1. Return the only residue of T40, T48 being surrounded by 12 or more Cβ atoms within 10 Å (Cβ to Cβ), at pLDDT 90 or above and among the hydroxyl-bearing types (S, T, Y).
2. For P114, all conditions in the list (1) of a type outside the set (D, E, K, R); (2) part of a helix (DSSP H, G or I); (3) at pLDDT below 85 hold save one; what is the number of the exception?
3. Of everything in segment 71-98 that's more than 30 Å from F25 (Cβ to Cβ) and in contact (Cβ under 8 Å) with a residue 40 or more places away in the chain, which residue is surrounded by the fewest Cβ atoms within 10 Å (Cβ to Cβ)?
4. So which strands (runs of 3 or more DSSP E) are wholly in segment 1-81 and hold at least 1 residues that are of a type in the set (S, T, N, Q) and either closer than 30 Å to Q93 by Cα or more than 18 Å from the chain's Cα centre (by Cα) (or both)?
5. Which of the residues spanning segment 1-46 are within 30 Å of D75 (Cβ to Cβ) and polar (S, T, N, Q)?
Amino acid sequence: MTLDPLTIEISPIKGIALFSTSLMFVAIGAALVLLVDGNTAIRVIGWTSIVTFGFFGALWFRQIVTMRGPVLTIDHDGLIDRRVSEHKILWNQVGHGDRPGKVDDQPQERHADPEPRRLLTTSPTR
């Protein structure tokens with residue numbers, strides 16, 4: 001039995017809402033910069049708002065314009081996340097918690113307990 005691939009597409013409505021929210025915060029920041037005289041802290045907050053939300057607004061606009069079709073596809077061979085790369089990441093390239101994994105021939109640090117089954121068989125001390 002083979003399962004159909006799971007595909008997740010981008011939500012254009014969510015993208016438009018996030019882009020619009022970013023524009024709103026850029027406008028608020030511009031109002032703080034242009035309308036408040038003499039208060040340096042408020043002007044810094046305004047400029048910070050313009051730069052931060054302007055950057056994220058540009059990212060959301062780019063995503064709305066360029067992303068079409070499935071963003072994430074998961075099947076029995078591996079997964080493709082188009083936000084990261086167009087290449088498939090095979091399941092044997094994904095590290096596991098009970099053994100060290102390698103991705104692109106780069107050794108990965110091991111964070112898991114070397115004896116994971118030991119955790120299931122020991123009782124907590126009180």
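The values are calculated or read from the model by the stated rules, or taken from the named source; none is laboratory data. Being a predicted model, the structure only gives us computed values, none of them experimental. Glycine gets a Cβ as well: all are built from the backbone with ideal geometry, and neighbour counts include every protein chain shown.
1. T48
2. (2)
3. Restricting to residues being more than 30 Å from F25 (Cβ to Cβ) and in contact (Cβ under 8 Å) with a residue 40 or more places away in the chain, the top hit is H76.
4. Those strands (runs of 3 or more DSSP E) span 6-9, 70-74.
5. Listed by number, the residues that qualify are T2, T7, S11.
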